[in-house]
1. If I filter the range 153-163 for residues that are in a loop (DSSP other than H, G, I, E, B) and either at pLDDT 90 or above or surrounded by 11 or more Cβ atoms within 10 Å (Cβ to Cβ) (or both), do I get at least one hit?
2. Would you confirm whether or not the range 223-230 contains a residue that is charged (D, E, K, R) and in contact with a Pro (Cβ under 8 Å, 6 or more places away or on another chain)?
3. So the check is Cβ under 7 Å with 6+ separation or different chains; which pairs have a first residue in the range 297-312 that's among the basic types (Lys, Arg) and a second one that's outside any loop (DSSP other than H, G, I, E, B)?
4. Within the set of pairs 6+ apart or on separate chains, which have a first residue in the range 238-252 that is among the small types (Gly, Ala, Ser), a second that is assigned to a loop (DSSP other than H, G, I, E, B), and C-beta atoms under 6 Å apart?
5. Can you name every residue in the range 261-283 that is in a strand (DSSP E or B) and either over 25 Å from residue 341 (Cα atoms) or at pLDDT below 95 (or both)?
6. Determine if the range 5-24 includes at least one residue that is of a type in the set (Gly, Ala, Ser), modelled with pLDDT of 75 or more and over 30 Å from residue 370 (Cα atoms).
7. Is it the case that some residue within the range 391-405 is at pLDDT 95 or above, crowded, with 20+ Cβ neighbours inside 10 Å, among the basic types (Lys, Arg) and closer than 30 Å to residue 169 by Cα?
Amino acid sequence: MLNPSGYLDVIVRYLNNPQDEKLHAAITSFRQESAANEKYFVEIKSIWDLSSKSAQLDLVNKKELALKLEKQLQQLSPRSGKAKFGSSITPFVRWAAAAVIFLGLSVLLYTYLADENKQKQHTYASDVAPGGNKAILTLSDGQKISLNDMDNGDIAKQAGIAVTKTADGQLIYEIKSIEGADIDHSLSEMTNTISTPRGGQWQVRLPDGSIVWLNAASSLTYPLTFKVGKQRRVELIGEAYFEVAKDKEHPFVVHTAKQEVEVLGTHFNINSYLDEPITKTTLLEGSIRVAAKDSHNAKILKPGEQSMVSANGINISEIDVEEAVAWKNGYFMFNNEKQESIMRKISRWYNVEVEYADPLAKEVMYYGSISRFEKVSQILRKFEQTGEVRFEIKGNKITVYKEDKKD
């Protein structure tokens, strides 16, 4: 009897051409021969399916695809000891999976490039441009300033604090002239709020030197000085990436609707949108303490870990931090993420309404990465290449349809 591993080449050829009757018969016989054979086939096919979706989303960027493939091969190498697709996969299957992904992506890339000019592109009734640097600054006296409409340079002065807008879309707070404890106390009670609309993002350097990147539909409220009190406290709605200035005497505390995060000086991302079921905090550097509100539950995160706060408490897991901060670096990244979750991100960044003609379309899963600075039609076309969904754009409304899979 042939060892299951000896069927790897046959399985690969079958997965690439399932209509071949001889291959189909051979694989059917192989799968029915034993439970071990069936398990082996299912493992290989699951990896093939995942790699295929990755290729279909990234084919337009051959350099990025090559880098992603190299990373996958390294992670699946038996010497690395990492099983990217599940701990149940044996060392041999990890090696085999590397071969499958290599061959599978190569075939898909070749096929796509060969047929690229023959493919009919779906025509949309309208299109939507990506978001950009847009924000509103609300001063302590209630005055609102549209930052994207202001020229670069000083835009406001508040009791010795100068607020400056830079050419690269950053807001900087700088102390010009403050003397006396009474002034410090007064400034600590004065707050500013920077808010990004749907389709907006902004970067702010706080009075203590900490830098915060705000994603779309988010807001950050903070005092004009952190010199008073034992903590540096801010409030966040939405999503932000923090690079906190080190100050051991004054911990930096971020309040959201469901949690409180305390740090001394570190880099981390918080996703706390009100329309998301889970608040996610991802640590890139240093150490942070995450405490769920309305409970005594708290966890300490290490770099590479993500906390998920929900009605069930706090769960901690190791993740690819690149995925959590992809938005800050200018792209969307999906790791087996549902269409519904992805479209919430699309909706915020492109300021569009999303509706589903078929609820099943919400469950389609994707793996890959896409630039955030394409028009929305380019993003949707890449999803359509998987053959799972179809979209219509009318004005600022996107309708999602589930496509029937044809064997």
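The values are calculated or read from the model by the stated rules, or taken from the named source; none is laboratory data. A quick note: this is a predicted structure, and the numbers were derived from the prediction, not measured. Virtual Cβ from ideal backbone geometry, glycine too; neighbours counted across all protein chains shown.
1. Checked against the condition, which is being in a loop (DSSP other than H, G, I, E, B) and either at pLDDT 90 or above or surrounded by 11 or more Cβ atoms within 10 Å (Cβ to Cβ) (or both), the range 153-163 yields at least one hit.
2. yes
3. Every condition considered, the pairs that remain are 299/290; 299/307; 299/314; 299/316; 302/283.
4. 238/217; 238/273; 245/208; 245/209; 245/210
5. Within the range 261-283, 262, 263 qualify.
6. Scanning the range 5-24, I find no residue that is of a type in the set (Gly, Ala, Ser), modelled with pLDDT of 75 or more and over 30 Å from residue 370 (Cα atoms), so the answer is no.
7. Within the range 391-405, not a single residue is at pLDDT 95 or above, crowded, with 20+ Cβ neighbours inside 10 Å, among the basic types (Lys, Arg) and closer than 30 Å to residue 169 by Cα.
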